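Please read the structure below before turning to the comments.
What follows draws every value from the coordinates through simple rules; no lab data is involved. It should be emphasised that the depicted structure is a prediction, and the values quoted were computed from it without experimental measurement. Note that each Cβ is placed from the backbone with ideal geometry, even for glycine, and that neighbours are counted across all protein chains shown.
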Amino acid sequence: MRTLLGKMSLSILGLIAAAPAFAQEDGYERDPAAGWDYLWHEIVIDITVIGIIFSIAAIWMVWKYRTKDENAVGTAPKLSKAAAIAWVLIPASLFMADDFFLSAKGWTLWNDYRRIPDEAKEIRVTAYQWYWEFDYGDEIITEELVVPKGQPIVLRMTSEDVLHSLYIPGFRVKEDVMPGRVTYVWFNPKEVGEYVHTCTEYCGTAHAEMATNVRVVEQEEYDAWFEQVKEEAKAASLNDNTQG
Amino acid sequence: MTMQTFKEWFFTTDHKRIGIMYLVGSMAAFVVAGLMALLIRLEQSNLGPTITDNPNEYNSWLYFHGAAMVLAFLIPGLTGFFANYFLPLMIGAQDVAFPRINAFSIWLFYGAIILAMLSFVIPDPPDVMWTGYPPYSISTTSNTAFYVFTLHLLGFSSVLGAVNFLVTVIYMRAPGMKWNQLNIFTWTTVAAFVLQLIFIPVLASAVTMLLFDKYLGTNFFNPEAGGDVLLYQNLFWFYSHPAVYVIFLPACGILFEIFATMCKNRVFNYKACVYGGIWGIVGISGFVWVHHLYVSGMPDWLRIGQMVTTLLISVPVGLLVMSMWGTLYKGAITFNTGMLYAVSCLFLVLSGGLTGIPLALTAITIHLSETSFVHAHFHFIMAMFSAFAMFAGIYYWFPKMFGRFADGPWATTGFIFNIVGVHVTFIPLFIIGVEGMPRRYWDYQMFPQFEPYHQVATVGAFMVATGMAITILNWVRAAFKGKVAPENPWKSCSMEWTHAPNCPQAGNFPNPPSVTDDWSPYGYDDREANMAATTDPGFPAQVKPAE
């Protein structure tokens, strides 16, 4: 028993020392969505292993020590002081090793989420009960988000009324949108397609209907769309002027 | 019921009767909030309007379900009913320190229940979710005041209860009973009340500011006038994360009592469990609230710092879990319905606890926050682990409370419906949560592919409803007509079984017990010596247990 505990504690000390080294391994490209999928995969393995170990232990003990004899008593030995301390330090070290390992990985991915690439294009987002507005600059404001493929996008977001939260599951991004504060998310649209974009902070009656699609299109198509929106904006402002 | 019995119950200061009244009140809240859950699941079972075309109605169901389950069922069930009934019996006390304050607590609780139920008849019921975030809770036309006043009443009730029970444990333990001779349930309850005492005032101040903002024109949370919307969320979760442990810890305490008795074993590594596990959780609980605000625009350093503290919760929780598993080791395990629920809790705590690990990581939570993954995660811990632990405790202590067994084929049938039902409900929600299904949605037109999963979940909810209907009817039947139980039917060493008779009368103990240093509530290895370590020979010696 004593030598087993000794060996286990040594290997655990080693594990703790090595945890950050494991974490530095570079298994994915620096892209939040891909990084999310990669870390999620690792973490599912991590918790599945822990879950299976504890489940097997529980099933085994409940099966092995069952009895019909109501007068039987358990025979678990009383722990010596050393064993009691070891049974604290060893599990605690194991759990902490896993915690620090995951923290290191999580922190790395977090930095990718928060570090906006220099070439990112900025679009301002304003949330209302219950719709979104996207401000491309030069007074071009749309109610749908269209972005060119391969162009990193940063959304700077605020709200005009209550809390909302911008969520694009396809890009693995989400951040609350608040009155009186500006928050941001960035993403890298790598595939052409339509991505659901919805609200995930409860905001009242039509909270569940505050969704649009993000359209990721080829650069040429984007340019054409942008020209068209620009023309429409110009026409609208002319109309306003004549009416005014 | 005659006038006399009505008066006896209405004016009672007996901790056991107050406990039973907490049980009835919290189960009533559970039933109504459970019906809300069925309405919610029905509405979600199909795309488009299913049973209501008014989202506001759906939102008020969500509000009632969440607020009532957490604040009127789980917390009062665990710290009201279980603590009231069993804690004085476990420490050998004849009542709590302040019986009349205890009676005041229960009537405050009933006041809160009545106020909460009134939300079904007023024209503009609260629709602010149990979290009540401003500015929505301020700008909404619904009646946020009901939410605030309900919380105030429950808060007063809990704070008074906390003071009462802490004083009881500190001053009214049986003569000779040292701290390290307390039951684990007593420890977990003490820890839960310490948390309530520290953190409830923070919640109370937050919702009071909400009230002032909405009705008196102050601007605590109004950015246009220099207020800050995030202030409320910080205050709310500074209480409400520890509130999870106010529920989790006594639930674990109940399980420890059942495992120790049904395995006839000492609690594995008692001191590590108490000082590392229980008090470790209390120590860290105040430093992790930001994990509820990972996508709320908090400063980066806070989000990363509290990612580490949140993950470190796994250390004290791990020690608790090691002690729980260790208590089974080399046990002499016999089964009753309480033990069935308790064993299922071993797996529920794994599913619920381990799915919390990805949610501790800030970057992973960015995608999962406010999805049905989170919804399923906390239901596994709160709705299933904690509620199943309560049901385990009710079955286990049923002979103590009513002098009759509630075990039997109906109890097992109810258990099977419940355990299968909760998995059928929540596993689909885990899956679509990872795919991006948001919570608190009346409808999900943008995600038509999730409809089959919602349908499976709805089927599961009705299985649970069936199981709970069987379970509750079975309790009511057993309380009046169940098989009569002998004293100490599970052959426990704990004081509520050995020294207090079934259905204890006022004063609890025929001979108030005192103990020596050799006594332990888990002294199974030498029962005779353990009984000899108390002044009163106790029940196994006085009453021959039925063979």
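Counting only lysines at least 8 places from A:K149 when in the same chain, those with an alpha carbon closer than 19 Å to its own are A:K121, A:K190.
Counting Lys and Arg as +1 and Asp and Glu as -1, what is the net charge of the other residues whose Cβ lies under 11 Å from the Cβ of B:L368? So the environment of B:L368 carries a net charge of +1.
Taken over the C-alpha atoms, chain A has Rg and Dmax values of 27.3, 97 angstrom.
In chain B, a dipole from Cβ-located charges (positive for Lys and Arg, negative for Asp and Glu) runs towards its positive end, and of B:G25, B:A97, B:S45 it is B:A97 whose Cα lies farthest in that direction. Once the dipole of chain A is set up with Lys and Arg at +1 and Asp and Glu at -1 on Cβ about the Cα centre, which of A:A92, A:M178, A:A82 lies farthest towards its positive end? Result: A:A82, furthest along the dipole toward the positive end. Model label points for B:A532 and A:A84, set 7 angstrom from Cα along the Cα-to-Cβ axis, are 2.4 nm apart. With the Cα gyration tensor of the range B:104-159 giving a ≥ b ≥ c as the square roots of its eigenvalues, does the rule (a/c under 1.5 for rounded; else a/b larger than b/c for prolate; else oblate) give rounded, prolate or oblate? It comes out oblate by the Cα gyration axes.
Amide H to amide H distances under 5 Å link B:I333 with A:R66, A:T67, where only residues 5 or more positions off or on other chains count and H is placed in the peptide plane. Close amide H contacts of A:C199 (hydrogens built in the peptide plane, cut-off under 5 Å, sequence separation of 5 or more or a different chain): A:M210. Electrostatic bookkeeping for B:N143 treats Lys and Arg as +1 and Asp and Glu as -1; over the other residues with beta carbon under 12 Å from its beta carbon, the sum is -1. Comparing A:A92, A:A33, A:A120 in a Gaussian network model of chain A, where Cα atoms under 10 Å apart are tied by springs, the biggest mean-square fluctuation is seen for A:A92. Size descriptors for the range B:11-542 (Cα atoms only): Rg and Dmax, in that order, 22.9, 73 Å. According to the calculation over all Cα-Cα pairs in the range B:370-450, the P(r) per 10 Å bin from zero is 16, 36, 24, 15, 7, 1 %.
Evaluating kT/(6 pi eta Rh) at 4 °C and 1.567 mPa s, with the Kirkwood radius of the range A:121-243 over Cα pairs in the Stokes-Einstein relation, gives 86 µm² s⁻¹. Taking 31 Å as the limit for the C-alpha separation, the pairs B:K16/B:K178; A:K64/A:K105; B:K264/B:K481; B:K178/B:K491 exceed it in the case of A:K64/A:K105. Fully extending the segment from A:D69 to A:D138 would add 16.5 nm, taking 0.36 nm per residue of separation and subtracting the current Cα-Cα distance.
Scanning chain A for GluC sites (Glu not before Pro) in DSSP loops with at most 11 neighbouring Cβ atoms within 10 Å leaves A:30-118 as the longest stretch between them.
Positive-end ranking of B:V484, B:A465, B:W519 along the dipole of the range B:439-530, with charges on Cβ about the Cα centre, is headed by B:A465. The spread of Cα positions in the protein assembly as shown, taken along each principal axis and listed from longest to shortest, comes to 100, 70, 45 Å. With loop membership from DSSP and a limit of 13 other Cβ atoms within 10 Å, the longest segment of chain B without trypsin sites (Lys or Arg not before Pro) is B:179-482.
Principal semi-axes of the equivalent ellipsoid, √(5λ) from the alpha carbon gyration tensor of the range A:107-152, are 24, 15, 9 Å from largest down. A convex hull fitted to the Cα coordinates of the range B:39-98 yields 88 cubic angstrom per residue. Computed from the Cβ-Cβ distance with R0 of 22 Å, the FRET efficiency linking A:E42 to B:W301 stands at 0.35.
A Cβ-based charge dipole, computed about the Cα centre of the protein assembly as shown with Lys and Arg at +1 and Asp and Glu at -1, lands at about 4440 debye.
Computed about the Cα centre, the dipole magnitude for chain B is approximately 1120 debye when only Lys and Arg (+1) and Asp and Glu (-1) carry charge, each at its Cβ.
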